[in-house]
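Engineer: Below is the structure I would like to discuss, written out as structure tokens.
The values are calculated or read from the model by the stated rules, or taken from the named source; none is laboratory data. As the structure is a computational prediction, the values presented were derived from the model and not from experiment. Don't worry about glycine lacking a Cβ; one is built from the backbone with ideal geometry, like all the others, and counts go over all protein chains shown.
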Amino acid sequence: MTEPRRIAVVPAYNEEPTVRDVLGKLYGYVDELVVVDDGSTDDTRAEIERFMDGRDSARLLIHEVNQGMSEAYYLAFGDLRRRLAAGELSPDDFVYTVDADGQHELAVLEDLRQQMYDEGLDALLVQRDLSTYPRYKQAGNWVMSTWATIWSGGVELNDVESGYRIFRLGALADALDYYQGYKYSETVEVAVVLSRLGYKVRNDIVVPVPVFRSRTSMTDVVIDLVAMPAAAFRVTMRRPKDVSVPSLVPPVLTSAAIGAAAIAPLALGAGLIRRRLRRSR
């Protein structure tokens with residue numbers, strides 16, 4: 001029996017100071033390295049090419065213009081799916097996703113893969129130790145992960161924004177049919193999609209974060225919040241007839257309740273203001 005291959009996918013956008021060091025540390029843990037330069041405007045591509053010189057198991061995919069992390073992942077994942085369909089790769093192969101900025105602790109990567117193998121997981125989404133992160137970032141991550149759990153169909157997702165992940169290639173290839181991804185939303189969408197399709201997903205193994213980096217904006221947060229229920233609906237509408245998925249009724253009702261709870265104080269406050277204005281006339 002052939003051992004599953006270990007393939008790492010690393011998206012990079014303007015990561016000139018760190019990308020070469022990350023690739024050097026990662027290279028010893030994998031059988032193949034796929035790096036996507038997402039239209040970098042600094043010397044990121046040159047650093048990648050210098051690292052890849054003489055390394056046949058490393059490949060570079062390029063976006064000439066920046067298209068966002070989701071599109072970078074989609075380019076690499078689509079290439080892997082084509083090779084899977086051609087018989088070059090196996091559904092059991094492992095796909096690692098690692099950021100190029102050095103915020104992922106690679107020393108635990110092999111232990112994570114072994115645990116995933118032992119438990120028969122289809123996806124292991126690493127939960128980052130956010131204790132050193134700013135409070136607003138911790139709160140935002142909690143909101144995002146709670147929202148993802150609501151739409152996952154019962155899978156507990158504790159850090160849905162984590163980009164440090166391991167997938168079985170077969171599960172990942174299946175998920176590509178159900179999510180679209182805009183800028184950073186691939187990370188949250190694929191977690192919801194895999195969970196709703198019934199794949200075995202775990203997101204509760206906590207790993208330290210060597211450095212804090214964040215490029216997300218409030219616009220990205222809003223997009224991600226919308227993308228998760230959209231992905232859940234997409235799974236329900238497009239899934240094969242012989243694939244059973246969780247009902248959308250519970251998350252829809254929960255979302256409606258959350259919306260009502262959020263709107264009620266605003267409506268009450270508006271009513272009080274109107275009454276005071278009437279009395280003052």
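Engineer: Asp92 - would you say it is surrounded by fewer than 19 Cβ atoms within 10 Å (Cβ to Cβ) and either of a type in the set (Asp, Glu) or within 17 Å of the chain's Cα centre (by Cα) (or both)? Explain how you work it out, then say what you get.
Structural biologist: Working: surrounded by fewer than 19 Cβ atoms within 10 Å (Cβ to Cβ): yes; either of a type in the set (Asp, Glu) or within 17 Å of the chain's Cα centre (by Cα) (or both): yes.
Taking the combined requirement at face value, the residue satisfies it.
Engineer: Say whether the condition of being surrounded by 15 or more Cβ atoms within 10 Å (Cβ to Cβ), modelled with pLDDT under 95 and of a type in the set (A, V, I, L, M, F, W, C) is met by at least one residue in segment 110-123.
Structural biologist: no
Engineer: From the list Arg83, Arg135, exactly one residue is surrounded by fewer than 20 Cβ atoms within 10 Å (Cβ to Cβ), of a type in the set (Lys, Arg), closer than 24 Å to Val35 by Cβ and in the same structural domain as Val19 (by TED's automatic domain parsing). Which is it?
Structural biologist: On the way: Arg135 fails: closer than 24 Å to Val35 by Cβ.
Of Arg83, Arg135, the one residue that is surrounded by fewer than 20 Cβ atoms within 10 Å (Cβ to Cβ), of a type in the set (Lys, Arg), closer than 24 Å to Val35 by Cβ and in the same structural domain as Val19 (by TED's automatic domain parsing) is Arg83.
Engineer: Do the conditions hold for Glu47, that is, is it among the charged types (D, E, K, R), modelled with pLDDT of 95 or more and surrounded by 15 or more Cβ atoms within 10 Å (Cβ to Cβ)?
Structural biologist: Yes: the conditions hold for Glu47.
Engineer: Can you tell me which residues in segment 172-187 are more than 22 Å from Arg128 (Cβ to Cβ) and not in a loop (DSSP other than H, G, I, E, B)?
Structural biologist: Ala173, Asp174
Engineer: For segment 45-69, name all the residues that are of a type outside the set (Asp, Glu), assigned to a loop (DSSP other than H, G, I, E, B) and farther than 18 Å from Val98 by Cβ.
Structural biologist: Result: Gly54, Val65, Asn66, Gln67.
Engineer: Can you tell me how many residues within segment 155-197 are within 10 Å of the chain's Cα centre (by Cα), over 12 Å from Ala231 (Cβ atoms) and at pLDDT below 95?
Structural biologist: Total meeting the criteria: 4.
Engineer: I'm trying to understand the selection: among the residues of segment 53-74, which are within 20 Å of the chain's Cα centre (by Cα) and over 14 Å from Val35 (Cβ atoms)?
Structural biologist: Once the filter is applied, which keeps residues that are within 20 Å of the chain's Cα centre (by Cα) and over 14 Å from Val35 (Cβ atoms), segment 53-74 yields Asn66, Gln67, Gly68, Ser70, Glu71, Tyr74.
Engineer: While we're looking at this one, here's another question. Quick check on my filter: what residues within segment 138-154 are under 30 Å from Ala85 (Cβ atoms) and crowded, with 22+ Cβ neighbours inside 10 Å?
Structural biologist: Ala148, Trp151, Ser152
Engineer: Would segment 100-107 turn up any residue that is within 23 Å of Arg83 (Cα to Cα), at pLDDT below 95 and of a type in the set (S, T, N, Q)?
Structural biologist: Looking for residues that are within 23 Å of Arg83 (Cα to Cα), at pLDDT below 95 and of a type in the set (S, T, N, Q), one finds none in segment 100-107, hence no.
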